[in-house]
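Have a look at the structure below, then the notes.
The values are calculated or read from the model by the stated rules, or taken from the named source; none is laboratory data. Because the structure is a prediction, the values reported are computed rather than measured. Neighbour counts are summed over all protein chains in view; Cβ atoms, including those assigned to glycine, are modelled from backbone coordinates with ideal geometry. We work out accessible area using only protein heavy atoms, side chains counted, and drop any ligands, DNA or RNA first. Shrake-Rupley method; radii C 1.70, N 1.55, O 1.52, S 1.80 Å.
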2 protein chains.
Amino acid sequence: MNLHSEKLAILRNLMKENDIDLYIIPTTDPHLGENIPDHWRIVSWLTGFTGSSATVVITELFAGLWTDSRYVLQADKQLLDSEFILMKNSLHEQNNFNDWISENVEPEGKIALDGRIFSIDQTRRIERSSERKKVTFNFSSDLISGIWEDRPPLPQNMAFDHSVTFCGMDRSAKIAEVREQMKFKGVDYHLLTSLEDIMWLLNIRGNDIRYSPLLISFAIIGTDQVLLFTDENKIPLKLASEFDWLGIVILPYEETASVLSALPADSTILLNPSTTSSSLFKSIPGGMKIIEDLTIPARLKAIKNKVEIDNIRRVMIKDGVSLTKFFFWLEQNLGSVTLSEISLGEKLNGLRSENENYLGPSFSIIVAFNEHGALPHYSATINSAISIGTAGILLIDSGGQYLDGTTDITRTIAIGKPTARKKRDFTLVLKGFICLARTKFPAGTRGFQLDVLARRDLWDDGLNYGHGTGHGVGFCLNVHEGPQNIGQAAGPDSGTVIDPGMLISDEPGIYREGEYGIRIENLIICAEDEETEFGKFLRFETLSLCYLDKSLIDISLLTQKEIEWLNSYHAEVYEKLNPFLTSSENLWLIEKTKGLE
Amino acid sequence: MNLHSEKLAILRNLMKENDIDLYIIPTTDPHLGENIPDHWRIVSWLTGFTGSSATVVITELFAGLWTDSRYVLQADKQLLDSEFILMKNSLHEQNNFNDWISENVEPEGKIALDGRIFSIDQTRRIERSSERKKVTFNFSSDLISGIWEDRPPLPQNMAFDHSVTFCGMDRSAKIAEVREQMKFKGVDYHLLTSLEDIMWLLNIRGNDIRYSPLLISFAIIGTDQVLLFTDENKIPLKLASEFDWLGIVILPYEETASVLSALPADSTILLNPSTTSSSLFKSIPGGMKIIEDLTIPARLKAIKNKVEIDNIRRVMIKDGVSLTKFFFWLEQNLGSVTLSEISLGEKLNGLRSENENYLGPSFSIIVAFNEHGALPHYSATINSAISIGTAGILLIDSGGQYLDGTTDITRTIAIGKPTARKKRDFTLVLKGFICLARTKFPAGTRGFQLDVLARRDLWDDGLNYGHGTGHGVGFCLNVHEGPQNIGQAAGPDSGTVIDPGMLISDEPGIYREGEYGIRIENLIICAEDEETEFGKFLRFETLSLCYLDKSLIDISLLTQKEIEWLNSYHAEVYEKLNPFLTSSENLWLIEKTKGLE
């Protein structure tokens, strides 16, 4: 019996002792974020699967794991020697584990889970999935704490002040604006559970979560006070005294539920049911009126202010300089030095780390050569990494967290002379990428309306890609941060209206299994265009700065407007980056950015 | 006091007598269809507003009417002398009257309506809108029958058999297929309330509703019988005896609710909550399990079968011949004869009526010259009609009901030499129209994903149009018939996956208020394209056949692919229509369809 089977056996014993027929475990933490501290990586500890998104369902005779399409290959490998069965999810049905429960739970059985790490939306879906079976539920069942030996503690890292010179608006003004909106909505209290909401509101950043500068905390905004639930040792004294001055009260992290339960029952609270845990939700006093919606900070911080936008523009220059130096170095060393996916990643991260205000990578860098490029979210390991040969396609998706902004950019380059098919694929992706970047659209347009612009030229050739076209990006916060989004589904995210000031990625691709992957990604920001008799129109401005590999372009497929867009983008790249490059780098970049005719 | 004020006063008295604080009246009938018999045109009788879509709310001191954007101008005029206030609806908020009720109803007040002419979806929204006010509801309050003198009776016209040579599948096979799907869904009974569902299922057509060949009826499909609720005098004897043979039982229309209420309480019924009236819904026995979804016939009939598609192709030829003869005649007579919007409509309808299997127009013809073209859904009347001058833009949107298919086509032509701006507008609309017509897309694509294809070139110029891009079309049924749809919102309709066999319109436009309107519309049908490693791809085939006015095209704005599409379309138009035209018509059509270079 291997380690994971032992753990499963112990867990099943505990289920039996507690009379539980079915136990559910997620990959989330009490804040329902994308990246979580090791303390909450229960699925990885229990099953060996290390991906960031999965649900595990355990009964006496069944142990299954559901994940999304991008992790299927990885889960297949990692679960090979375990008792856990990988349940294949279809692309559009995220809730398949609910369907499974609905069909397989015993009538009048007992379903249990730890309500601290499930959103209220999730537990509602679970309840609905089995409502016909007259099941009973226990949503406060933590079976893990007692059996996980050597469980990593919650991180203990210091938070720090995030200066107004970076974020452009002081915390008291933000609190005042949120309170004004609360008043308008008739809300007395506003519960914040997403770390990025709290960071934005209080102009603080932390060091608790990998890839995002977040401090583990909850907050409740009232009419006079803001209650910040966190470890007070993590707040620097100077910041704590400023907080005190502004009516921001620091309380122990563990007391969030009990403070919530003591709020006046005749008052109104606003919260987001997809980021508020079932446990916190249930601690709210019975009579209290609950308004469920996106949080006010989530909407406010999605619209970047002028200072933030100016900062992001400057960040794009330093980030673009690092990328340019990297690609120059790569071309100089190709063939003479042995280069692997890992060493390239280290080189690029190293160049970025020399930049002012740099905090670290904004996600796990993707350096994927040839067939690895066809694996979405491929991350090279010592076992998987391959050397960069003399012919092929290299895809690099990377980004940095800076105090003055967050970046995320993908470039695909040819090593050696590319085939006609690779050029055609790249050029079709490029056409979609340009089409979205230069589109003009009426105010009020939603993300799902724009998605097809990046796909149409691919569709024409019978091609497509399985991921969204664009995700929202935070400001020195999460690299994936909504609510804005450009995707195919009309879900809550892609349904968000794209407003001026929203930062979003533009990243179509093509993935040919076993061969190569092509993706091109820039960050673009929504800006006002003109007002006509047909209403107000908006457009995107491209912010990321790095050349695109012309050796992969089949010019005959581009329209005049596309060529003009590309030439003008390349001219801007050279103009903005050249002051920070050596003369040999500049000579090289002049070639890379020379106009197409 | 005018007539409408008198009626309002009488109604208010009745409300007082019945202790009703707020009364709601819709423009629908018990089948929640788009066109309704005069018997149910309560809003028109009460207020004078004759549009097809409105909601009236009456309290002691308030009388308001909500309609959608296309009827605002008309309602403004028609309500001028009445006490009814036109409540301005914003484009995207169809339920504004609910918001008004939510804000204005007295706490603990009593809201009443006639539940026979509100869908259960609508009454649920009304309940939700005022749930905080502790209101009581009376959803079976018919205050109109008692006070409407000379109310038109329900129509008494005969139904007729719709031959399998037209519709391609006999009624017993359709019933069997629906029953198979019912079995799969675990459904014992299936309630049909939409007339088109019943017509499709039983291969009958009626003469009760203007513009659509429908018989007023309800139906309940059981495992052995189909209960058809209608006036049995309207069913020809031969058909009745065949019905008898197939287990189709004719019962009185008025008994639908009582038969529903007598169904076994331990069985399951499938119905569509947006087309089932609140009254019928409430007559279902308490314990019965209700599954709410689109009806099975609604999905089945949206996919046209091979015989239907072949018939539609033939219908398009005769319909296209009528249009061609019409435009030829128009060009011969312009300037020499006085032509008005009304006489043109009569001429075109007259030409169509000569065609085999013609039943009548599929909607109220739109012939709109210059500024009238900017009014969506303009319908010329003796008071409004203007003469066709020697310079301007003429928009004609028309269609026919044939036993072998339903048509809907819009052409915009220049009278005299068009200005550069008109040509630019027309060409941008044409680009969107072609883009949608020739797009290829993956199976599983939904209507809202494709909508932007028809708008993008307009957006680029700061232009847009306020209606959807495409509506589903029935087969010798309704000219507007979903569930498929191509629109901007991600509602239930535009959310429908576009499957092979679905017939849909492609009709972008530009409306310059006070100047002119441009719209181009063809019917297109979804067909299979190729299967690649990225999945199955679909495309549209254009079915409508009529030349587009080249004098309105600015060739410099078209891409090579667009020119090729247009030339090939024009070649097809000539090839298919020329055998049915006179030699002078053919000489003229050769010019109209000659290729652009």
- Item | Extreme residue, surrounded by the fewest Cβ atoms within 10 Å (Cβ to Cβ), among residues of region A:101-136 that are modelled with pLDDT of 95 or more and among the hydrophobic types (A, V, I, L, M, F, W, C) | A:A112
- Query: Which one of the conditions (1) open to solvent by 10 Å² or more (accessible area, probe 1.4 Å); (2) within 14 Å of chain A (Cβ to nearest Cβ); (3) over 23 Å from B:R70 (Cα atoms) does B:S387 fail to meet, given that it meets all the rest?
  - Reply: (2)
- All positions within region B:247-272 that are open to solvent by 20 Å² or more (accessible area, probe 1.4 Å), within 29 Å of the chain's Cα centre (by Cα) and among the hydrophobic types (A, V, I, L, M, F, W, C): B:I250, B:L251, B:A257
- What number of residues within region A:242-275 satisfy the criterion of being acidic (D, E) and closer than 27 Å to A:T28 by Cβ? 2
- Residue list for region A:337-359, restricted to those being of a type in the set (V, I, T) and open to solvent by less than 70 Å² (accessible area, probe 1.4 Å): A:I342
- Only unsatisfied item for A:I220, checking (1) in contact with a His (Cβ under 9 Å, 6 or more places away or on another chain); (2) surrounded by fewer than 21 Cβ atoms within 10 Å (Cβ to Cβ); (3) of a type in the set (A, V, I, L, M, F, W, C), is (2)
- Residue count, region B:123-168 (criterion: over 30 Å from B:L237 (Cβ atoms), touching a Pro at 6+ places or on another chain (Cβ under 9 Å) and assigned to a loop (DSSP other than H, G, I, E, B)): 2
- Query: For B:T275, all conditions in the list (1) assigned to a helix (DSSP H, G or I); (2) open to solvent by less than 60 Å² (accessible area, probe 1.4 Å); (3) of a type in the set (S, T, N, Q) hold save one; what is the number of the exception?
  - Reply: (1)
- Of A:V226, A:V178, A:V164, A:V187, the only residue that is more than 22 Å from the chain's Cα centre (by Cα) and open to solvent by 30 Å² or more (accessible area, probe 1.4 Å) is A:V164
- Is region B:97-117 home to any residue that is within 14 Å of another protein chain (Cβ to nearest Cβ) and over 20 Å from B:G33 (Cα atoms)? yes
- Note on the structure: Only one of (1) more than 23 Å from the chain's Cα centre (by Cα); (2) farther than 24 Å from B:M316 by Cα; (3) open to solvent by 10 Å² or more (accessible area, probe 1.4 Å) does not apply to B:L458, and that is (3)
- Of the residues that sit in region A:439-450 and are open to solvent by less than 10 Å² (accessible area, probe 1.4 Å) and more than 7 Å from every other protein chain (Cβ to nearest Cβ), which one is nearest to B:E530 (Cα to Cα)? A:G447
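I'd like the residue in region A:294-336 that is polar (S, T, N, Q) and outside any helix (DSSP H, G or I) and, out of all such residues, is surrounded by the most Cβ atoms within 10 Å (Cβ to Cβ).
A:T295
Test A:K422 against the stated conditions and say whether it is farther than 30 Å from A:G495 by Cβ, part of a helix (DSSP H, G or I) and in contact with a helix residue (DSSP H, G or I) (Cβ under 9 Å, 6 or more places away or on another chain).
So A:K422 fits the description; yes.
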- Task: Find all pairs meeting these conditions: Cβ atoms under 8 angstrom apart; at least six residues apart or on different chains; first residue within region A:232-248 and at positive phi; second residue among the polar types (S, T, N, Q) and assigned to a loop (DSSP other than H, G, I, E, B).
- Result: A:G247/A:Q225
- Note on the structure: For region B:456-477 the number of residues that are facing chain A (nearest Cβ under 8 Å) and part of a helix (DSSP H, G or I) is 3
- Within region B:37-55, residues of a type outside the set (S, T, N, Q), under 19 Å from the mean Cα position of the chain (by Cα) and open to solvent by 30 Å² or more (accessible area, probe 1.4 Å) come out as B:D38, B:R41
- Query: If you go through region B:146-153 one residue at a time, do you hit one that is buried (at least 18 other Cβ atoms within 10 Å of the Cβ) and either at pLDDT below 95 or out of contact with any helix residue (DSSP H, G or I) (no Cβ under 6 Å at 6 or more places or on another chain) (or both)?
  - Reply: no
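Looking only at strands (runs of 3 or more DSSP E) that fall completely inside region A:478-573, which ones have 2 or more residues that are within 12 Å of another protein chain (Cβ to nearest Cβ)? Step through it out loud before you land on a result.
Values: elements: A:503-506, A:509-512, A:516-519, A:522-532, A:535-542.
So the answer is A:509-512, A:522-532, A:535-542.
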- For region A:200-245, what are the residues that are acidic (D, E) and outside any helix (DSSP H, G or I)? A:D208, A:D224, A:D231
- Within the group A:L436, A:L403, A:L453, which residue is within 11 Å of chain B (Cβ to nearest Cβ) and touching a Cys at 6+ places or on another chain (Cβ under 7 Å)? A:L453
